[in-house]
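Structure first, then comments.
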Amino acid sequence: MPSWDIHRLILLQALQDVCREFILDSLGREFLDGLYRGIVEPDKKPDKVVRYRFKGRGRVSVRVGYAKHHTVDKTLVSYYYHLALYYARKENRMLSGLALGRAIHYAQDSSVKTKKYLVIDIHEEVEEELEDLAKNLGEDIQELCRDIELDEKPSKGIEALCISYEQTIEILKNFFTELRESIDVEEMLKRIWIARILKTITALALAATPLLLNIYGALFFTIPIAIGVALYRPRIYYEAMKAGIMVLKPYSYETVY
Ligand SMILES: [Zn+2]
């Protein structure tokens, strides 16, 4: 994983760039403290992955392990991004910054990907290059990346640095843009209520219909679908999280916050 210095350096420069567009005075010290803590924290306080395995006869085994940062899917980036907005709306600036920092950490880590088809792991090589680059960075990253063609899986440190930087900028910009938008909480609560009712009716209908019709065998199909419906999270739930109404923990992770 990129060293903490690199995580911080990319964040610092990205913040400076974003500041040109957004007035960040309102964020205050607390938010920035949280952000700088969060950018390195996943290496100290890692989130855990939960794996479910179906073993037949309805038995499920659950295993919990540490999340490998470089292979982390977008779930954690997205979860912490939503959580950052949740806390911002709750006016808890420290936790908002902390969550956003964690989202950015995972996004930055994932830009230093290992090419699976190579026998030799290029990962370390890229990281060493990154370290050298950061040490000798005479100009700012934006300047450096201007003429670089970005590959999806960078094989060079410089490309990893530029992708990391781009992703950091994107997350920061999205965050500040969404934070500016006004939200109609009443309207949102109404839509959540409707979604809940629809989900409940559908799940109950799926479970009850085979019983009412005496086709018990059909339960074998309808019960898993009913569970799926119950677990399903419509878009409005995620909007609600960003509005500070509810927190949706990802099913496949045991998160720190
Ligand atoms: Zn990491």
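Each reported figure results from applying straightforward, stated rules to the coordinates on display, with no laboratory input. Predicted model only: the values in this text are computed from it and were never measured. In this analysis, Cβ positions are derived from the backbone assuming ideal geometry, glycine residues included, and neighbour counts consider all displayed protein chains.
A few points about this structure:
- Compared with the alpha-carbon gap, the fully stretched path from Glu21 to Ile223 is longer by 67.6 nm at 0.36 nm per residue.
- Rough spin-label spacing in nm, given labels placed 7 Å along Cα→Cβ, for Arg235 and Ile201: 2.1 nm
- By definition, a body whose alpha carbon gyration tensor gives a ≥ b ≥ c is prolate when a/c is 1.5 or more and a/b is larger than b/c, and region 210-257 fits this prolate description.
- Using the Cβ-Cβ distance between Glu170 and Arg29 with R0 set to 25 Å, the FRET efficiency from 1/(1 + (r/R0)^6) comes to roughly 0.50.
- Virtual paramagnetic centre 7 Å along Cα→Cβ of Ile183, amide N under 17 Å, in region 77-113: 78-100
- Cα shape, region 185-246, gyration tensor, a/c 1.5 rule: prolate
- Pair Tyr251, Ile215: separation of 7 Å Cα→Cβ label points (nm): 2.5 nm
- Ranked by the mean number of other Cβ atoms within 10 Å per residue, highest first, peptides 31-42, 185-196, 99-110 order as 99-110, 31-42, 185-196.
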